[in-house]
C-alpha cells in the first residue's frame with residue numbers, strides 16, 4: 001500500500017499527463033498482481049467500495065488531543081482529509097502498512113461505516129503522511145487523485161508496450177484487479193475475450209489541416225470523399241443482442257445520459273457519428289453529457305440525434321478493413337433497413353476539385369458546421385493517426401482584438417513552457433479599463449516569437465497575485481483568431497470564445513480598439 | 001532561579017531589534033546599530049553596516065562574502081562555548097544547528113539566563129554543528145513551524161525520494177529550488193552522503209558560499225555553474241537555484257524540468273501544488289513542532305518568548321505545558337518607552 005501511496009503522492013503534484021503516464025507505468029512495472037490491478041481500479045474509478053465514510057477524517061480531528069490546535073491546523077491546511085493525515089502521530093515502530101490487496105479486500109468486505117472506521121484507524125499508524133491522506137480519501141469514496149481514465153489506459157499501454165487501442169477495446173469488459181489483463185500483458189495468457197455485448201471500438205482520428213496546408217494540397221473527388229464536420233460531440237453507437245451503448249471519443253460510456261439513443265432499434269452494428277442537438281445552438285448538446293441521467297424534461301428540451309458517417313461492424317462482421325467506399329455502401333444499406341432511430345445519414349458533398357472545396361468551406365459557418373472532412377475513399381477504418389487518410393479542414397476562423405487581463409504559467413510541454421492568458425473584451429464603448437470582462441483563455445507557447453518580451457513585460461506589470469494567477473496592468477493586447485462565440489450562462493460575460501489562438505501580439509493598443517462584448521455577442525452560433 | 005529580576009527589564013524588542021539594555025547591544029538588529037550580536041548569516045538576521053559585530057568565525061566569513069566591505073566596521077569572533085563580557089553581560093554563543101556557523105546567544109546578567117535561540121533545528125546536519133540545549137530562565141524560540149501538522153520527514157527518506165525520481169525520469173532535469181545559504185549546501189551534502197557523485201549544477205549566485213563551505217572543511221564534491229553547462233549536460237542532471245530563479249528564466253533553459261522544492265512548507269501538499277512544485281521535499285533548517293516542544297522542555301525554561309511564525313498556536317501549547325509563554329512582540333510593552 002505504501003508504494004501506491006507514493007504513486008498517488010507523486011501524481012497529485014504531477015504537472016502534466018506525460019509525467020502522470022510515466023509514473024503510473026513505472027508503478028505497474030515495479031508492482032505485482034493483484035496489487036497493481038487494484039491500484040488501477042482506484043485510479044480509474046472502476047473500483048467501487050460497498051461502504052464509504054467521509055466522517056472518518058473529521059472524527060480524527062474531533063478526537064485530537066486539543067480542539068484548538070486541531071481547528072487552527074484545519075484552518076491552515078484547508079482540507080479535512082489532509083489535516084487529519086498530518087495530525088495523526090508518526091508511527092514509532094511499525095510493521096509497515098498492509099499490502100494493497102489485503103487493504104482493498106478488507107474494505108470490500110466491510111458492511112458498516114463503523115467497521116470501516118475501525119479498519120482505517122488500524123492502518124493509519126503504519127502509513128506515512130501521504131499514505132494516511134490517501135487512505136482517508138479512499139475510505140471516503142473519493143478518487144485517490146484526479147487522473148483521467150485515458151491517462152490510466154495510456155499508462156497501461158506504455159508499460160506493456162502495446163497500442164492504447166488494444167487496451168481500449170477490452171477495457172469495458174474487464175474489472176479490477178484486472179488479473180486477466182495483466183496476465184496477457186505479461187505474456188502469460190491470451191488476450192482476454194471480452195464477453196460484454198456492445199463494446200467500445202477505438203475511433204479513427206482525422207488530421208487537422210491549416211489554411212495553407214489545405215490550399216497546397218490538391219483534393220480530388222475520385223480520391224477523397226467530402227462531408228460536413230458537424231458541430232457536436234463524436235460518439236460511437238455500439239449495439240448487439242438488443243443492448244445499445246453510446247461511447248465518447250475517450251471510450252467513456254455515455255449511455256445513461258442518452259436514453260433515446262439506447263432505446264433505438266439499431267439492430268446489430270457499431271456506428272461512428274456526431275451527436276448534435278436538433279434545434280438548439282451547437283453548445284447545447286453538452287448539456288446532455290457529463291451527467292449520470294437525463295430527465296425526460298431535459299430530453300425534451302435538448303433533443304439530440306446522431307449524424308452517422310461510418311459503420312465498423314454489422315451482424316458481427318468486422319468491416320474496418322474494407323475501403324471507405326465499400327463501408328459507405330453498407331452504411332447506406334444499414335440506414336435504409338434499420339428501424340426507428342434518432343439518426344440521419346451524414347451526406348457526402350458534391351465537388352469536382354479544390355476550388356469547390358474552398359467554396360464549401362466558405363459556406364460552413366452559415367451552414368452551422370465546423371468545417372469539412374475529407375476522407376480517402378480507398379482507406380480502411382484505422383484506429384491510430386495515419387497520414388493521408390482523414391483530414392479535418394476547419395472553417396476560416398474569426399478574428400478580433402482582445403486585452404490580456406490575467407496570466408498564469410501553463411503546463412510545460414515537450415517543447416517548453418507556456419503562458420495562459422485570460423482575454424478581456426470591453427463592456428461598453430469608451431468605458432475605462434475596469435470595464436473589461438473575461439471572454440476566454442488562450443495559451444502562448446515559449447517558441448512563439450515575442451515570448452521573452454511578454455515574460456519581461458509581465459514581470460514589470462503584474463498588479464496582484466492570486467496563487468499562480470497574476471492580474472496585469474493594461475497595455476498588452478492580442479489579435480486573436482477563434483472558431484466561434486459560444487453562449488455560456490455561467491460566465492460573467494455570458495459568452496466564451498471557442499479555440500482562441502494567437503495571431504499577433506499588440507503592444508500599446510488603444511483601449512478603444514479592443515473588441516466590445518456586445519459585438520462579440522452578436523456572433524453567437526445558432 | 002528565584003530571582004526577583006524581571007527578564008523583560010533587561011532584554012526586550014525595540015524598533016531596531018532585540019535589545020539588551022545593560023550590555024547596550026542588539027541581537028540580530030533589523031537596522032544599523034553600534035554593537036550587534038549576530039546569530040547566523042541569513043539576511044533577516046545578519047544585516048550589513050553595523051559598527052561592531054560579535055559572531056562565530058563562520059558567520060563573519062559568510063557576512064563578508066555576502067556584503068563585502070560594507071559587512072561591518074569591526075568584527076569580533078566568538079568561539080562557541082566561550083563566554084565574552086559586554087558591559088557586564090556575559091554572552092556565550094552555542095551551536096544552534098540551523099546552518100554553518102549558526103549559534104544561540106546565551107545571555108547572563110545578575111544570575112539570570114536568557115537564551116536567544118535564533119533559528120534552530122535539532123536533527124543532525126552534515127554542514128553544521130548539532131544544536132546544544134542550554135538550561136535557562138527564559139528561552140526565546142522561533143515559531144516558523146508552530147502548528148502540530150508540521151513534522152519534518154527524516155532527511156534520508158526525502159533524499160531517497162529525490163534519487164528515486166532521478167532514476168524514474170532519467171531525461172528530465174531536476175531543478176531544485178533551495179535557499180542559497182544553508183539549504184543548498186545541506187542538500188548537496190545529503191546527496192553526497194547518499195552516494196550521488198555526478199556534478200551538481202548551481203545558479204551563479206550560490207557558488208561563492210559553496211566555496212566558503214569548502215574552506216570550512218565541508219566537501220560538496222563536483223559542483224559547477226549552470227551557466228557553463230551545455231544543454232546535454234543538464235538532461236537527467238541536478239540543478240540548484242534560489243526558489244525565485246528556479247521557476248523563472250532558468251526553468252526555460254532546461255526542457256521539461258522536474259520542479260523540486262526542499263522546504264518544511266512542503267509538508268502541506270496544497271502549498272506544493274500552488275507553487276507548481278512537482279516533487280515537494282520536506283526538508284527544513286527550522287525546528288518542526290515536536291522539536292520546538294522538546295527543546296522548550298530541554299531548556300527547563302519557566303518562560304518562553306515566541307517570535308516569527310505562528311505564535312498563537314505555540315503560545316497555546318505553552319499554556320498546556322504549564323510554561324509561561326509570551327509573544328516576543330508583546331514583551332516589554334508594559335510601560336517602558338524604548
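Along its three principal directions, the equivalent ellipsoid of segment B:197-338 from the Cα gyration tensor extends over semi-axes of 41, 19, 15 Å, largest first.
One decimal place: the segment residue A:332-residue A:112 gains 73.7 nm when fully extended, by the rule 0.36 nm per residue minus the C-alpha distance.
Residue by residue through B:142-153, how many Cβ atoms from other chains fall within 10 Å of the Cβ on average?
Working: counts 0, 0, 0, 0, 1, 9, 11, 15, 3, 5, 0, 4.
For this peptide, the per-residue mean of nearby foreign Cβ atoms is 4.
If you average 1/r across every pair of different Cα atoms in segment A:72-191 and take the reciprocal, what Kirkwood value do you get, in Å? Computed over Cα pairs of segment A:72-191, the Kirkwood hydrodynamic radius comes out at 16.8 Å.
Across peptide B:316-328, the average count of Cβ atoms from other chains found within 10 Å of a residue's Cβ is 1.
Just order A:511-518, A:445-452 by mean Cβ neighbour count inside 10 Å, highest at the front, would you?
Numbers: A:511-518: 16.2, A:445-452: 13.8.
Those peptides, ordered most packed to least, come out A:511-518, A:445-452.
Along each principal axis, taking the top coordinate minus the bottom one, the Cα set of segment B:175-280 gives 39, 30, 25 Å in descending order.
Just to be sure I understand: of the beta bridges DSSP finds with both ends in the protein assembly as shown, what percent are antiparallel, rounded to 5? Please list the in-between numbers first.
Working: 99 of 146 bridges.
Restricted to the protein assembly as shown, the bridges split so that about 70 percent are antiparallel.
Estimated from the Cβ-Cβ distance and a Förster radius of 22 angstrom, the FRET efficiency linking residue A:148 and residue B:164 is about 0.35.
Once the Cβ-Cβ distance between residue A:519 and residue A:487 is put in as r, and R0 is 22 Å, what FRET efficiency do you end up with, to the nearest 0.05? FRET efficiency, residue A:519 to residue A:487: 0.90. Counted over segment A:473-526 with a bin width of 5 Å, the fraction of Cα pairs per bin, in whole percents, is 4, 18, 24, 24, 19, 9, 1, 0. Along each principal axis, taking the top coordinate minus the bottom one, the Cα set of segment A:207-394 gives 48, 37, 28 Å in descending order.
For chain B, take the longest principal axis of its alpha carbons; what is the angle in degrees between that and the long axis of helix B:289-299, to the nearest 10 within 0 to 90? Taking the Cα atoms of chain B, the angle to B:289-299 is about 40 degrees.
The separation of segment A:250-320 from segment A:447-526, counted between C-alpha centres, amounts to 35 Å.
Counts of other chain beta carbons within 10 angstrom of each beta carbon in peptide B:268-278 average 5. In chain A, helices alone account for a calculated mean residue ellipticity at 222 nm of -10000 deg cm²/dmol, with every DSSP H run of four or more residues adding -39,500 (n - 2.57).
Go ahead and estimate [θ] at 222 nm for chain B from helices alone: -39,500 (n - 2.57) per DSSP H run with n ≥ 4, summed, over the residue count, rounded to 500.
Details: 10 runs with 86 residues, N = 338.
It comes out at -7000 deg cm²/dmol, rounded to the nearest 500.
May I ask for the equivalent-ellipsoid semi-axes of chain A, computed as the square root of five times each C-alpha gyration tensor eigenvalue and listed largest first in whole Å? Intermediate values should be presented prior to the final figure.
Numbers: eigenvalues 359, 254, 92 Å².
Square roots of five times the eigenvalues give 42, 36, 21 Å.
How much of the DSSP bridge set in chain B is antiparallel, in percent, rounded to the nearest 5?
Numbers: 22 of 62 bridges.
Within chain B, antiparallel bridges account for around 35 percent of the total.
Round to the nearest 10 and give me the degree value, 0 to 90, for the angle of helix B:155-168's Cα axis relative to the longest principal axis of chain B. So the inclination is approximately 20 degrees.
Using only the alpha carbon atoms of segment B:36-78, find the Kirkwood hydrodynamic radius as the inverse mean reciprocal pair distance, in angstroms to one decimal.
On the way: mean 1/r = 0.1036 Å⁻¹.
About 9.6 Å for segment B:36-78.
Sorted on the mean count of surrounding Cβ atoms within 10 Å across their residues, most packed first, peptides B:187-194, B:232-239 read B:187-194, B:232-239. Each principal axis of the Cα cloud of chain B was evaluated for its coordinate range; sorted largest first, these ranges are 67, 46, 31 Å. Considered as an equivalent ellipsoid built on the Cα gyration tensor, segment A:398-521 has semi-axes of 22, 16, 14 Å, the largest given first. If the segment from residue A:208 to residue A:256 were pulled out straight at 0.36 nm per residue, it would be longer than the present Cα-Cα gap by 14.2 nm.
No lab work stands behind these numbers, since they all come straight from the coordinates. This is a predicted model, so every value here is computed, not measured. Reconstructed Cβ throughout: ideal geometry from the backbone, glycine too, with neighbour counts over all protein chains shown.
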